[in-house]
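To start, the structure itself, in structure tokens.
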Amino acid sequence: MSRKKRQKDSSLHLTDKHHPPLAIGATLLALVSIGIFGAVCVSAGQSDGHAGLLAGVAGMVSLLIAAVGFVMAWLSLHQDDIRPLFPTIASICNGLLVIFYMMLYIWGAVV
């Protein structure tokens, strides 16, 4: 293989694609939602399961944050000329969080 061909193959390829700020925000919302859930779990564990109304409200806020993050990620997936890394991470994380929270609340209502 000629030197010119090798140099062309290993050269840097720049693109106009960018990480959408909406998806980065959605990823941060997923992290905030996980953080709130962790804090509520620690709080409920320290109070022997009697964390009270504040823990329930914090859990519902966490569910709402995850739902908003999922919608933001979904909207950012449909933008043009983007890198799909953050929208994919945000939609998977927030979608799984919403499903997890809904299962947790349904289980809590049944038991």
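Computed values, structure above
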{"quantity": "Among 65-72, 77-84, the order from most to least packed when residues are scored by Cβ within 10 Å on average", "calculated": "65-72, 77-84"}
{"quantity": "Acute angle (nearest 10 degrees) that the helix 53-77 long axis makes with the longest principal axis of the chain, alpha-carbon atoms", "calculated": "20 degrees"}
{"quantity": "Accessible surface, the chain, averaged per residue in Å² (probe 1.4 Å)", "calculated": "72 Å²"}
{"quantity": "Approximate spin-label separation Leu54-Ile92, in nm, with each point projected 7 Å along Cα-to-Cβ", "calculated": "3.6 nm"}
{"quantity": "Percent of Cα pairs exceeding the 23 Å cut-off, where the set is the chain", "calculated": "46 percent"}
{"quantity": "Net charge of neighbours whose Cβ lies under 13 Å from the Cβ of Ile82, counting Lys and Arg as +1 and Asp and Glu as -1", "calculated": "-1"}
{"quantity": "Most mobile of Thr88, Thr15, Thr27 in a GNM of the chain (Cα contacts under 10 Å)", "calculated": "Thr15"}
{"quantity": "Full-extension gain in nm, Leu28 to Ile99, via 0.36 nm per residue minus C-alpha separation", "calculated": "23.7 nm"}
{"quantity": "Acute angle (nearest 10 degrees) that the helix 85-110 long axis makes with the longest principal axis of the chain, alpha-carbon atoms", "calculated": "20 degrees"}
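The values are calculated or read from the model by the stated rules, or taken from the named source; none is laboratory data. Remember, it's a predicted structure, so these values are computed and weren't measured experimentally. Virtual Cβ from ideal backbone geometry, glycine too; neighbours counted across all protein chains shown. The area values use the complete protein model at the heavy-atom level, side chains included, leaving out ligands, DNA and RNA. Shrake-Rupley method; radii C 1.70, N 1.55, O 1.52, S 1.80 Å.
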